[in-house]
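Participant: Dropping a structure here in structure tokens format, bear with me for questions.
The values are calculated or read from the model by the stated rules, or taken from the named source; none is laboratory data. Nothing here was measured: the structure is a model prediction, and the numbers come from that model. Here Cβ is always computed from backbone atoms with ideal geometry, including for glycine, and neighbour counts include all displayed protein chains. When the accessible area is computed, the model is the full protein with side chains, heavy atoms only, and any ligands, DNA or RNA have been set aside. Shrake-Rupley method; radii C 1.70, N 1.55, O 1.52, S 1.80 Å.
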Amino acid sequence: MYSTFERAHLFMLKAYKGKKFKYTNIEKSFHAVSVALMIRETTTIDDYIIAALLHNIITDTDYGYEEIEEQFGTIVADIVNDVTEDMSIAKWFERKKDFMKRIKKEQDVNILNIITADRIHNLLMLYEDYKKMGDKLWKSIGRTKEENAYVYRGTYHIVKEKNINPYLLRRYGILIKDFFGDIDEEDV
């Protein structure tokens, strides 16, 4: 019999079959596993690890809250919902600003850790593409370097105040500094 994590892993693999990120050739399943592995280093609570594995299912697949709840319970579905941006906001930058407002109110450090791990891995993928493409990357993804810097720095300042996992915070800060420059300025 599969463990709940193994069932979630299989569910995620089926949901993402053949799906890659728009601006890169990386499989979405690789991203999901990377985020879950980071979270596995910060907690032993299965619900958070499973939610980390499924964190983009609602936005990136045909599966929604109901399917997650049916398969993995209300707690996991609620966590996934809490880390999901409001996709009814069509413009990327506006959606990100809305999400930052939401996470300012978040008190669950494990949810904030998932959000941070997601941002870390997104930034790692973006940075790899930037090293290959340079400033042409911004045109290909349809948003500016300044907008990205605002979102990543702004999220950093929010999670820093919430006492998230120190390793995640340090790693996130280093990536932002390497990619966008100083993070000491207040962006939010």
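Participant: Could you tell me the center-to-center distance, by alpha carbons, between segment 17-45 and segment 61-97 in angstrom?
Facilitator: Distance between centres, Cα-based: 16 Å.
Participant: Follow-up. If you filter segment 54-144 for GluC sites (Glu not before Pro), then keep DSSP loop positions with at most 13 other Cβ within 10 Å, what is left? Write down the numbers at each step before the final one.
Facilitator: Numbers: sites: 66, 67, 69, 70, 85, 94, 106, 128; in loops: 85, 106.
For GluC sites (Glu not before Pro) across segment 54-144 that sit outside H, G, I, E and B with at most 13 neighbouring Cβ atoms in 10 Å, the list is empty.
Participant: Please compute the per residue accessible area over segment 33-117 with all protein chains in place, 1.4 Å probe, rounded to a whole number of Å².
Facilitator: The answer is 48 Å² per residue.
Participant: Share of the chain's accessible area from carbon and sulfur, percent, 1.4 Å?
Facilitator: Exposed carbon and sulfur together represent 49 percent of the surface.
Participant: Considering only lysines 8 or more places apart in sequence, or on different chains, count the pairs in segment 1-131 whose C-alpha atoms sit under 19 Å apart.
Facilitator: Taking the Cα cut-off of 19 Å, the pair count is 12.
Participant: Work the Kirkwood hydrodynamic radius out for the chain: mean of 1/r over every pair of different alpha-carbon atoms, inverted, in Å.
Facilitator: Averaging 1/r across every pair of different Cα atoms and inverting gives 16.9 Å.
Participant: May I ask for the net charge around residue 21, where only other residues with Cβ less than 15 Å from the Cβ of residue 21 are counted and Lys, Arg are +1 while Asp, Glu are -1?
Facilitator: For residues surrounding residue 21, the net value is +3.
Participant: Find the accessible area per residue for segment 128-174; the probe is 1.4 Å, ligands and nucleic acids are left out, and the unit is Å².
Facilitator: Details: 2680 Å² over 47 residues.
Roughly 57 Å² per residue, with all protein chains present.
Participant: Taking the simple approach of a point 7 Å from Cα along Cα-to-Cβ for both residue 102 and residue 25, what is their distance in nm?
Facilitator: Each label point is offset 7 Å from its Cα along the Cβ direction, giving 3.3 nm.
Participant: Further, regarding this structure: Most mobile of 29, 88, 140 per a Gaussian network model of the chain (Cα springs, under 10 Å)?
Facilitator: Looking only at 29, 88, 140, the largest GNM fluctuation is found for 88.
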